[in-house]
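Remarks on the structure that follows.
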Amino acid sequence: MVAEREWDQFHTPENLAKSITIEAAELLECFQWHRDADLSRVQGELADVLTYCCLLADKLDLDIGRIVLDKLQETRAKYPVDKARGRSTKHDRL
């Protein structure tokens, strides 16, 4: 879709990061006044966020699966199960 519309010229890392933030705000807006948001609207906004995330990762030549697994490993180290289970306390206060 991007190639056939020649949109890559606009997809700088900065613009893609901005777009992620904008779309994430639109996703949050789905829940602004209602706990039970319109699921089809949430789906559309979430798709926009994920699409821009994928485009940014591709632009930066990052492997999405790898960076997610690496981050999960970091999180495991920062939040050991025996200290963090059932708590929302930040890692430096556990």
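The values are calculated or read from the model by the stated rules, or taken from the named source; none is laboratory data. For clarity, every value in this text was computed on a predicted model and none was experimentally measured. Backbone-built Cβ (ideal geometry, glycine too); neighbour counts: all protein chains shown. Just the protein is used for accessible areas: all its heavy atoms, side chains included, with ligands, DNA and RNA removed. Shrake-Rupley method; radii C 1.70, N 1.55, O 1.52, S 1.80 Å.
Assorted remarks:
- Filter result for Ser19 (in a helix (DSSP H, G or I) and open to solvent by less than 40 Å² (accessible area, probe 1.4 Å)): yes
- Counted residues, segment 51-86 - those being touching a helix residue (DSSP H, G or I) at 6+ places or on another chain (Cβ under 7 Å) and in a loop (DSSP other than H, G, I, E, B): 2
- So Phe31, is it of a type outside the set (Val, Ile, Thr), surrounded by 11 or more Cβ atoms within 10 Å (Cβ to Cβ) and under 30 Å from Ser88 (Cβ atoms): yes
- Looking only at segment 48-60, residues that are under 10 Å from the mean Cα position of the chain (by Cα) and more than 13 Å from Leu28 (Cα to Cα) come to 5 in all.
- Flag for Ala37 being open to solvent by 60 Å² or more (accessible area, probe 1.4 Å) and modelled with pLDDT under 95: no
- For segment 40-50, the set of residues classified as open to solvent by 60 Å² or more (accessible area, probe 1.4 Å) and out of contact with any helix residue (DSSP H, G or I) (no Cβ under 8 Å at 6 or more places or on another chain) consists of Ser40, Arg41, Gln43, Leu50, listed by residue number.
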